[in-house]
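The values are calculated or read from the model by the stated rules, or taken from the named source; none is laboratory data. Given the structure is predicted, the values throughout are model-derived calculations rather than measurements. With ideal geometry, Cβ positions are generated from the backbone for all residues, glycine too; neighbour counts draw on all protein chains shown. Quick note on the areas: whole protein, heavy atoms, side chains included, nothing else; ligands and nucleic acids left out. Shrake-Rupley method; radii C 1.70, N 1.55, O 1.52, S 1.80 Å.
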Amino acid sequence: MIVDALTLFHVVLSLVGIASGFVVVYGLIASKRLDGWTALFLWITAATSVTGFLFPVDHFLPSHGVGIVSLIVLAIAILARYRFRLAGGWRRTYVIAAVIALYLNVFVLIVQLFRKVPSLNAIAPTQSEPPFQVSQLIALLVFAVLATRAAMKFRGEPPRTA
């Protein structure tokens with residue numbers, strides 16, 4: 001019962017992180033800071049990674065590796081955004097780290113979809129089949145384009161006050 005509640009909590013965090021992450025990436029490409037959305041995305045995505053370590057397992061799994069990388073990337077994004085206030089090279093560092101953090105969440109979403117959705121699991125039961133690989137490759141390419149566009153467009157100026 002506790003694992004079921006943890007799973008639901010983890011999934012909700014993940015979906016909120018993904019949704020808010022896409023809003024943040026839109027803001028980056030539009031050169032809008034979207035401070036509230038950014039805080040929601042960064043902290044919810046960090047919480048998603050942390051809760052992933054709470055599931056009972058007896059050995060290190062690939063999901064743990066993704067969680068560790070995600071937390072490192074999020075730490076860099078949070079430092080760039082809040083400690084270094086997007087100054088100089090920290091602006092581009094923040095943008096790239098934020099997009100990578102979102103990509104990692106989407107990467108895990110695709111993994112879970114192929115594990116849990118019967119029709120997807122039927123065409124890629126071991127996740128080494130072409131449908132899974134192509135899905136992950138498309139996601140990677142989309143996020144590479146998003147990161148590039150966001151890094152070129154985002155200026156990071158605070159909103160102007162009247």
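Pairing each residue of segment 106-124 that is of a type in the set (A, V, I, L, M, F, W, C) with any residue that is open to solvent by less than 60 Å² (accessible area, probe 1.4 Å) and not in a helix (DSSP H, G or I), provided the two are 6+ apart or on different chains, yields C-beta distances under 7 Å for Val111/Gln127; Phe114/Ala124; Phe114/Gln127; Ile123/Glu129.
The residue that is most open to solvent (accessible area, probe 1.4 Å), counting only those in segment 25-42 that are more than 18 Å from Thr148 (Cα to Cα) and not small (Gly, Ala, Ser), is Trp37.
Out of Thr148, Thr161, one residue alone is of a type in the set (S, T, N, Q), exposed (fewer than 15 other Cβ atoms within 10 Å of the Cβ), at pLDDT 95 or above and more than 27 Å from His10 (Cβ to Cβ). It is Thr148. The set of residues in segment 64-95 that are surrounded by fewer than 17 Cβ atoms within 10 Å (Cβ to Cβ) and on the phi < 0 side of the Ramachandran plot comprises His64, Gly65, Ile68, Val69, Ile72, Ala75, Leu79, Tyr82, Arg83, Phe84, Ala87, Gly89.
Given the criteria crowded, with 16+ Cβ neighbours inside 10 Å and either farther than 23 Å from Phe84 by Cα or β-branched (Val, Ile, Thr) (or both), does Phe143 qualify? Taking the combined requirement at face value, the residue satisfies it.
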